[in-house]
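The values are calculated or read from the model by the stated rules, or taken from the named source; none is laboratory data. The structure presented is a predicted model; accordingly, all values stated were derived computationally and were not measured. We place every Cβ from the backbone using ideal geometry, glycine too, and count neighbours over all the protein chains shown. Note: accessible area is taken over every heavy atom of the protein model, side chains too, but ligands, DNA and RNA are not part of it. Shrake-Rupley method; radii C 1.70, N 1.55, O 1.52, S 1.80 Å.
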Amino acid sequence: MALTNIDVRQLEGMRHIAGGSFKMGSEAFYSEERPLRRVKVEDFWIDTHPVTNRQFSEFVEATGYRTVAEIAPDPANYPGMAPADAVAGSLVFERTDALVPLHDHTRWWAFRHGADWRHPTGPDSGIDDLLDHPVVHVAFADAQAYAAWVGKVLPTEAEWEFAARGGLDGVEYAWGDELAPGGRVLANYWQGLFPFANQRADGGYRTTPVGHYPPNGYGLYDMIGNVWEWTRDCYTLSRKAGGKAAPSCCAVPDPRGGTLRASMDLAKPVRIGRKVLKGGSHLCAANYCQRYRPAARHPQTIDGATGHIGFRCVMQNKATR
């Protein structure tokens, strides 16, 4: 594979993925994953694991970068926001004491002043013991800034899903058609009844060190579970899923998302562009969010930063399309 204007040192910690066509999406789970269609991607390189706190710390130390969660929002950009609410912080998950209605996410998510990538559960927390865990509380701009610093980009949705499948075409999980084959847990997802009873062997219910679970067929870790991962595609829906884009019966070249404006949720009082998240997280559960699969996708506003969103980077032969 010929590389153009790429320092080979940038490829450390990456795997080469030979391009090809694959069945993208799923008909078996959520409507936004439909239709099942054949898509083609070109060769690319991808990080073997999500960007860690250790790696992000190096970026911040070298550049002085401040993440979105570390900067108080401007109320002028959020009509209706009380000035007292314009403080730096992020959304933090807290396990509930009992089973609660699953339609109300405010039961387990709360905005916490002082929560950011350095303080994942609030101002009194730290990352000294989490350096090999995925960095979290990163908004889209934060992930882009890191990627630019290392001379890479964020993956497209199709690249990400192709890599996550590890060479297994048409199966529901990254390792086959069973969530836990032979009872083996192969990713960091919620084990038990969400959001209160987690039965993970180590007793935890947040992130795990990258590489804690087995790699997929391409040697990639944590493509499923642990943290959701940003892609650079804007969130759109196919016609079958309720959107405007027409599906194709052929293997179409890497189908990019639409415009940022088209990705906005018109039902929201403040309209902010949304990007596609992939892979699910440690909070996905059989009774709540079965998005621990390659086809799973979720819309996230570009200013959103939470305790279960991270990212990884890719590199291509030529400039970003």
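At a glance:
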item: Qualifying residue in the range 237-260 (condition: modelled with pLDDT of 70 or more, open to solvent by less than 10 Å² (accessible area, probe 1.4 Å) and not in a strand (DSSP E or B)); result: no
item: Qualifying residue in the range 190-205 (condition: under 27 Å from residue 16 (Cα atoms), part of a loop (DSSP other than H, G, I, E, B) and open to solvent by 30 Å² or more (accessible area, probe 1.4 Å)); result: no
item: Any hit, the range 287-297, residues being farther than 30 Å from residue 131 by Cα and at pLDDT 75 or above; result: yes
item: Enumeration of residues in the range 141-157 that are buried (at least 22 other Cβ atoms within 10 Å of the Cβ), outside any loop (DSSP other than H, G, I, E, B) and hydrophobic (A, V, I, L, M, F, W, C); result: 143, 147
item: Residues within the range 173-189 that are part of a loop (DSSP other than H, G, I, E, B) and under 30 Å from residue 41 (Cα atoms), tallied; result: 10
item: Yes/no for residue 138 being in contact (Cβ under 8 Å) with a residue 24 or more places away in the chain, under 22 Å from residue 210 (Cα atoms), in contact with a strand residue (DSSP E or B) (Cβ under 8 Å, 6 or more places away or on another chain) and open to solvent by less than 30 Å² (accessible area, probe 1.4 Å); result: yes
item: Positions within the range 105-123 being open to solvent by 70 Å² or more (accessible area, probe 1.4 Å) and either closer than 17 Å to residue 53 by Cα or of a type in the set (Val, Ile, Thr) (or both), in sequence order; result: 106, 118, 123
item: Residues satisfying the stated conditions in the range 272-286, i.e. at pLDDT 95 or above and over 16 Å from residue 229 (Cα atoms); result: 285, 286
item: The range 154-172 residues that are within 12 Å of residue 47 (Cα to Cα) and small (Gly, Ala, Ser), paired with ones that are open to solvent by less than 10 Å² (accessible area, probe 1.4 Å) and not in a loop (DSSP other than H, G, I, E, B) (beta carbon under 6 Å, 6 or more apart); result: 163/17; 163/46
item: Of all residues in the range 105-139 being outside any strand (DSSP E or B) and of a type in the set (Gly, Ala, Ser), the one that is nearest to residue 221 (Cα to Cα); result: 139
